[in-house]
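Undergrad: Could you have a look at this structure, given as structure tokens, before my questions?
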Amino acid sequence: MSMFCYQCQEAAKGTGCSIKGVCGKTNDVANLQDLLMFVLKGISIYTKAARENKIGYDENINKFVFDGLFATITNANFDKDVFVERVKKGLEIRNDLRSKLEQAGVKFNGSELHESATWEGTPDTFETKATTVGILATENEDVRSLRELIIYGVKGLAAYTEHAYNLNHENKDLYKFMQDALVATTDDSLTADDLVALTLETGKYGVDVMALLDKANTTAYGNPEITKVNIGVRNNPGILISGHDLRDMEDLLKQTEGTGVDVYTHSEMLPAHYYPAFKKYEHFVGNYGNSWWKQKEEFESFNGPILFTTNCLVPPAKDAKYKDKVYTTGAAGFNGFPHIADREKGRQKDFSQIIEHAKKCTSPTEIETGEIVGGFAHNQVMQLADKVVDAVKSGAIKKFFVMAGCDGRMKDRDYYSEFADKLPQDTVILTAGCAKYRYNKLELGDIGGIPRVLDAGQCNDSYSLAVIALKLKEVFELNDINDLPIAYNIAWYEQKAVIVLLALLYLGVKNIHLGPTLPAFLSPNVANVLVETFGIVGITNVEDDIKMFMN
Ligand code: SF4
Ligand code: SF3
């Protein structure tokens, strides 16, 4: 059976994966993810009806929807059984909710409802059905493009919503928006203009969710502060924790304390080191390796167990020796990797199995030494504001470059290392997300004590960069955020980058350069709208781009 997916930057041939994902997603999993999306739309039709009729429903349904969206994000979950189970469960939830609404007197006209609200199936029919409800089911390529753009933004929203939820921070408007947006993608009466408006609205909720998550993280763990993170190793066995979930980080640090097992971060978990609450752990040793796509080599030499709390997971090679050491939790999953169950309300997750496993392993093999510096989230940068403003006024800093976003395995991303390296000495890079691994180990120096690469944190901490920009706008008494000496050269890969991008557009940021390639899911007409309305453009080559940016 074939598949079609074009949600990430590595979509095959720049158009879409149709046999197997470049990410390693198999066609059965891809199709089941499409079917889950279909079922989530069906559920949302009823939650929307419930709200419209002021009828309460089980709060767990909201969680089921955002969990499901998160699980379909690139490189999060490759486990076929997980998707079969979720589709089954989703149909149950949907039908129960419908019955509840009907009992309360709400009438549904079956022939008017979208098929996602009425379709029934059993696991043996799932995959066949899936092939008829995927992305290509929308025939008009512009409508399809806008629907998918909204859906990918909503997937990113869902991921950040989940992290905040895990820290007991909720904003119910987000649930409503995600569900209403899913319903809107089933509505054939909406015009392209309606969908463009909804795309911008998605960006508004992108700002809200990142603000919520920022509050959740800083309330729980303090404000990130300037931190030197060790990239070498010690002699104890270790656990490597990857992904974005800080609550999992907390539980793991607590449970490993005093066990003789060290904890290292991997990829997007690096910024955990910047939080005061985590710094206090003596066994929280450092960061091991680079961004997600180098994991096949780096996990072999780590020697200990690895825990994925979210994306980006790369399916291991058949003969990978680390294969029996990988664990998943939360939205992450992979067939054959033990999955650590969710925490019960008010309790920790139980990581004892991983800790016992680690005790039997040898310590990590050192692959690099030294340290990297980070922790420049908004609160920390505000403390340096005077220094930064003076440097701009004196001309010591000519321009800031926001280079947030993602890293990826394609060779053309060397552009970003070269770009960072060749930028004039009087420029500063503001970064967040795993894009930083392309340049965070280069010796780029500092400007009067201000490092030339300021890492705010994970991809969601792009919010910090927006807060900093808005603050600078105020300090320099400008009317328009685009009058600041800030250029945007953003690298994207998966759907969290989509919500970050939509959030920046909502905040009024113009002329964002997006690379290494523009999304395959943008039809020529939709790409044109983005170019004409927001000045979004691609990248060319390092020399020409730097020249263009500096003029
Ligand atoms: Fe292809 Fe990306 Fe979809 Fe994976 S997530 S199947 S690489 S488009
Ligand atoms: Fe990276 Fe996957 Fe996007 Fe969170 S971990 S930024 S790619």
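Where a number appears in this text, it was derived from the coordinates with a stated rule and is not lab data. Keep in mind that what you see is a predicted model, and the values were worked out from it rather than measured. When we count neighbours, we look across all protein chains shown, and the Cβ atoms used for this are built from the backbone with ideal geometry, even at glycine.
Undergrad: Using 0.36 nm per residue, how much length does the chain from residue 422 to residue 343 gain when fully extended, once their Cα-Cα distance is taken away?
TA: Full-extension gain reported as 23.8 nm.
Undergrad: With r defined as the distance between the Cβ atoms of residue 350 and residue 387 and R0 fixed at 41 Å, what FRET efficiency is calculated, to the nearest 0.05?
TA: So, using R0 = 41 Å, E works out to roughly 0.35.
Undergrad: Of 176/228; 89/345; 63/107, which ones are farther than 32 Å apart at the Cα?
TA: The answer is 176/228.
Undergrad: Another question, if that's okay. When we measure straight from the Cα of residue 321, which lysines land under 19 angstrom away, once same-chain ones fewer than 8 places off are left out?
TA: Output for residue 321: 294, 296, 359, 360.
Undergrad: Taking R0 as 35 Å, what's the FRET efficiency between residue 122 and residue 320 from their Cβ-Cβ distance, rounded to 0.05?
TA: After rounding to 0.05, the efficiency reads 0.50.
Undergrad: What's the center-to-center distance, using Cα atoms, between segment 251-274 and segment 317-392 in Å?
TA: 6 Å
Undergrad: What nm distance separates the two modelled labels at residue 280 and residue 225, each placed 7 Å from Cα along Cα→Cβ?
TA: Between residue 280 and residue 225, the simple spin-label model gives 1.2 nm.
Undergrad: Treat each spin label as a single point 7 Å out from the Cα along the C-beta direction, and report the residue 170 to residue 394 distance in nm.
TA: Modelled inter-label distance: 5.1 nm.
Undergrad: Oh, and also: For a quick check: sort 537, 498 by the number of other beta carbons within 10 angstrom, fewest at the front.
TA: 537, 498
Undergrad: Residue-wise, which Karplus ³J(HN,Hα) couplings in Hz belong to segment 401-406, taking 6.51 cos²θ - 1.76 cosθ + 1.60, θ = phi - 60°, and x for glycine or proline?
TA: The phi angles translate into 10, 7, 10, 5, x, 10 Hz.
Undergrad: Ok, one more. Determine, from the Cβ-Cβ distance of residue 140 and residue 19 and an R0 of 30 Å, the FRET efficiency 1/(1 + (r/R0)^6), rounded to the nearest 0.05.
TA: It comes to 0.75.
Undergrad: With a 10 Å Cβ neighbour count serving as the proxy for reagent exposure, in which order, fewest first, do 194, 251 appear?
TA: Taking fewest neighbouring Cβ atoms as first place, the list is 194, 251.
Undergrad: May I ask what percent, to the nearest 5, of DSSP beta bridges between residues of the chain are antiparallel?
TA: The antiparallel proportion sits near 20 percent.
Undergrad: Also: Between residue 300 and residue 59, with labels modelled 7 Å along Cα→Cβ, what's the label distance in nm to one decimal, could you check?
TA: Spacing of the two 7 Å Cα→Cβ label points: 4.8 nm.
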